[in-house]
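One structure is given here, and the rest of the page talks about it.
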Amino acid sequence: MRVCGAVDLGASGGRVIAGIVDKGEVELRTVHRFGHRAERRDGRLRWPYADLKAQVLTGLRALARAYPDVASIGIDTWGVDYGLLDESGVLLADPVSYRDDRTAGVVDAVHERFGGVENLYDVNGLQPLPINTVYQLAADGWDRAAAVVMLPDLIVHELTGERGTELTIASTTGLLDVRTRDWSPEVLTALGLPSELLPPLRTAGDVVGPLRSEVVRATGLRPDVLVVRVGSHDTASAVAGLHGHEGPAAFVSSGTWSLVGLELDGPIVSSESLRAGAGNELGADGQTLFLRNLAGLWLLQESLVAWGNPDLHPLLAAAEALPSGGPVVDVDSNELIAPGAMPDRIDALVRATGQRPPDGAPATVRCILDSLGTAYAESTRELARLAGTELRGIHLVGGGSQNEVLRRLTSELTGLPVVAGPVEATARGNVLVQAGRLWPEMS
């Protein structure tokens, strides 16, 4: 039995999963699952990194107990967030969450340094969202930092001591040149960010090396277990984990965020793609992921928190029973990024567009699902038009693939067949990259 461990960290929860690999097929078995949230500390919304690291180590202990012969580990996380390390490799402070509001006053200033957003987009090809690393760094101070390390690479550093930046996560930062796939001198100069603060770029499939001795002691993993860089941006791993679909197909990775896109041979960087809110990121196999980054199940998660965390299933059933034609909101709205009071903010957006606001929790749930389905349909049509392709289907993966209402709405609104699942596409892609590196004869 050949086993790879996938550490898959999403913005609202994480899992450590064993991937049993046999002749190109992967069976996934979850050994540890946990939830987490950013917390307000020192005036900033931060990820409690010590807790996150402790949960990862707990999961690796469970992995070692259940599968003593595990061969390797791969790490993927959400994009754009990072930690600042000092000269000794110690984290200076808990990483700030992309949902913190500190970028609100710097986005326009960054664009002005480039003579407009169009010039920045021409370099990095990235959808200009306020959550992007380039804006976060413009709002932060790094005078005491020796390195800016993206979150999945920070976990790799904790496990092995090695410092690097895997390309798929680098492609979420806005610091990468979309054409050369190297750190952009123009962007770094505009930020005043010294290039030596950015670790060297690495590709998915690179073997980092063995675990630190203290990690071996803490987890019970064998000393020869390797850490392999995977598509460390969770979207890249999710796309790598897709099942086949005949003809050109879009993907929708539906989790806390919704990533809607196409796999292409190269980037599309034009004034039209900028106006459409389309960006270019990288897949684990080097393909361009031409996509839009939309709000996702975060809208539903935060609404449940506001309502005291009721059972979701009765709410979904009640929402599905409501007639179609209810209100929808722009899930791209910056008003929906921050945590807290989500139903009230949805209500305000509905009223601002002259629609009748949802009446009660089931109606709000239906509004969220209708809005997501509408956004998926509009985005897939526009991306396909810009790419000059005709779609024959949609892959819906991640947590949203379990939501039958969302799957049906997406199919109805796009007029396309929807292949739902795998739910754990990200972990599957994570494991497949490891297996392809360690046992190429099996791929």
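Note on residue 69 and residue 320: the model spin-label points, each 7 Å out from Cα along the C-beta direction, lie 4.2 nm apart.
Scaled against 2.2 N^0.38 Å for its residue count N, the alpha carbon radius of gyration of segment 244-421 is 1.03. Length gained on full extension, residue 404 to residue 144: 88.7 nm, using 0.36 nm per residue less the C-alpha separation. Projecting the Cα atoms of 134, 68, 316 onto the charge dipole of the chain, computed from C-beta unit charges around the Cα centre, puts 68 farthest toward the positive end.
Computed over Cα pairs, the Kirkwood radius of segment 172-225 leads via Stokes-Einstein (1.567 mPa s, 4 °C) to a diffusion coefficient of 92 µm² per second. Here the alpha carbons of segment 139-217 define both size measures, Rg and Dmax, at 13.8, 44 Å.
Principal axis extents of the Cα atoms in the chain, from largest to smallest and rounded to whole angstrom, are 60, 51, 45. Can you tell me what share of the DSSP beta bridges in the chain is antiparallel? A percent to the nearest 5 is fine. Restricted to the chain, the bridges split so that about 70 percent are antiparallel.
One decimal place: the segment residue 355-residue 439 gains 24.6 nm when fully extended, by the rule 0.36 nm per residue minus the C-alpha distance.
Overall, segment 315-368 carries a charge dipole of about 120 debye about its Cα centre when +1 sits on the Cβ of Lys and Arg and -1 on the Cβ of Asp and Glu, all other atoms neutral. With Cα atoms as the point set, segment 346-443 shows a radius of gyration and Dmax of 17.8, 59 Å. Farthest towards the positive end of the charge dipole of the chain, among the residues 287, 200, 156, is the Cα of 156, using unit charges on the Cβ of Lys, Arg, Asp and Glu.
About the centre of its Cα atoms, the chain shows a dipole size close to 880 debye [charges on the beta carbon of Lys, Arg (+1) and Asp, Glu (-1) only; nearest 20 debye]. On a per residue basis, the convex hull of the C-alpha atoms belonging to segment 1-56 measures out at 74 Å³.
Hydrodynamic estimate: the Kirkwood radius of segment 220-334 over Cα pairs, inserted into Stokes-Einstein at 25 °C and 0.890 mPa s, corresponds to D of 142 µm²/s. For the chain, excluding the exposed loop sites themselves (GluC sites (Glu not before Pro), DSSP loop, at most 11 other Cβ atoms within 10 Å), the longest remaining stretch covers 88-245. Run a plain Debye calculation on segment 3-152 (Cα atoms as equal point scatterers, no solvent) and give log10 I(q)/I(0) at q = 0.14, 0.15, 0.17 Å⁻¹, rounded to two decimals, same order as the q list. For segment 3-152 at q = 0.14, 0.15, 0.17 Å⁻¹, log10 I(q)/I(0) is -0.80, -0.87, -1.01.
Per residue of the chain, the DSSP helices (runs of n ≥ 4 H) give a summed -39500 (n - 2.57) that works out to -11000 deg cm²/dmol at 222 nm. The stretch between residue 335 and residue 179, if pulled fully straight at 0.36 nm per residue, gains 52.9 nm over its current Cα-Cα span. The antiparallel fraction among DSSP beta bridges confined to segment 244-421 stands at about 65%. Judged by the mean number of other Cβ atoms found within 10 Å, the most tightly packed of the peptides 414-421, 433-440, 125-132, 30-37 leads the ranking 125-132, 433-440, 414-421, 30-37.
No lab work stands behind these numbers, since they all come straight from the coordinates. Note that the structure is predicted; figures quoted are calculated from it, not measured. Glycine also receives a Cβ, built like all others from the backbone with ideal geometry; neighbour counts cover every protein chain displayed.
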